[in-house]
Amino acid sequence: MLNNTLSQILPNAGQIQEGQFEPEHLHQLRVGLRRLRTILRLYGGLSQQLPEHIEAKVAEIIRKSGAARDLDAMAETLWPALRAANAPLVELPTHVPTSTQLTVATLLRAPATQSLWIALLRASHPQDNPPGSFHSLQEVLATPLRT
């Protein structure tokens, strides 16, 4: 499950970090991060390789990238619809990062974020587990869903 979400997250994060991205890259990054957060919430306790508070770190990236995604979504749909309806002058807000509000690319380049990716990659490739180390994969995965 970690590999699957990381295969969605990391290529989009890379495009954003390089500055060569479309709004869809940010959208797909955030979709992948929300999927990852759900997996961590349900199954994070099954891995001893995941660092503490990893879900909170993922949530922070989701939260901090939200404003940029909101602007993208409005620029793609709302503002063109307003212009098409001959609404009064619609000014696109400019996004000027301040010292407390990082750009998404800067956030993704941050050492803490890079450490998060490494921890997730490490956890997604666990050490060899001997056969039978889990009683039943189906039971292990179903247990969090029942609570």
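The values are calculated or read from the model by the stated rules, or taken from the named source; none is laboratory data. Given the structure is predicted, the values throughout are model-derived calculations rather than measurements. When we count neighbours, we look across all protein chains shown, and the Cβ atoms used for this are built from the backbone with ideal geometry, even at glycine. These accessible areas exclude ligands, DNA and RNA; they are computed on the full protein's heavy atoms, side chains included. Shrake-Rupley method; radii C 1.70, N 1.55, O 1.52, S 1.80 Å.
Residue count for the stretch 1-53, restricted to those that are small (Gly, Ala, Ser) and farther than 22 Å from ALA68 by Cβ: 4.
Can you name the residue in the stretch 12-29 that is more than 12 Å from LEU108 (Cα to Cα) and outside any loop (DSSP other than H, G, I, E, B) and is also most open to solvent (accessible area, probe 1.4 Å) among such residues? Spell out how you get there, then give the answer.
Of the stretch 12-29, the ones more than 12 Å from LEU108 (Cα to Cα) are 20-25, 27-28.
Now restrict to residues that are outside any loop (DSSP other than H, G, I, E, B): 23-25, 27-28.
Working: PRO23: 38, GLU24: 95, HIS25: 45, HIS27: 55, GLN28: 55 Å².
Once the filter is applied, the top-ranked residue is GLU24.
Restricting the first member to the stretch 46-63 and to residues that are of a type in the set (D, E, K, R), and the second to residues that are open to solvent by less than 50 Å² (accessible area, probe 1.4 Å), the beta-carbon pairs closer than 6 Å and six or more apart or on different chains are GLU55/LEU40; LYS57/LEU116.
Criterion applied to GLU60, GLU55 was being of a type in the set (D, E, K, R), open to solvent by 50 Å² or more (accessible area, probe 1.4 Å) and farther than 17 Å from SER124 by Cβ, and the one residue passing it is GLU60.
Starting from residues that are aliphatic (A, V, I, L, M) and open to solvent by 60 Å² or more (accessible area, probe 1.4 Å), keep the ones in the stretch 63-81 and report whichever is modelled with the lowest pLDDT. Please lay out each step first, then the result.
Narrowing the stretch 63-81 to residues aliphatic (A, V, I, L, M): 67-68, 71, 73-75, 78, 81.
Pick out the ones that are also open to solvent by 60 Å² or more (accessible area, probe 1.4 Å) and you get 74, 78.
Working: MET74: 66, LEU78: 71.
Result: MET74.
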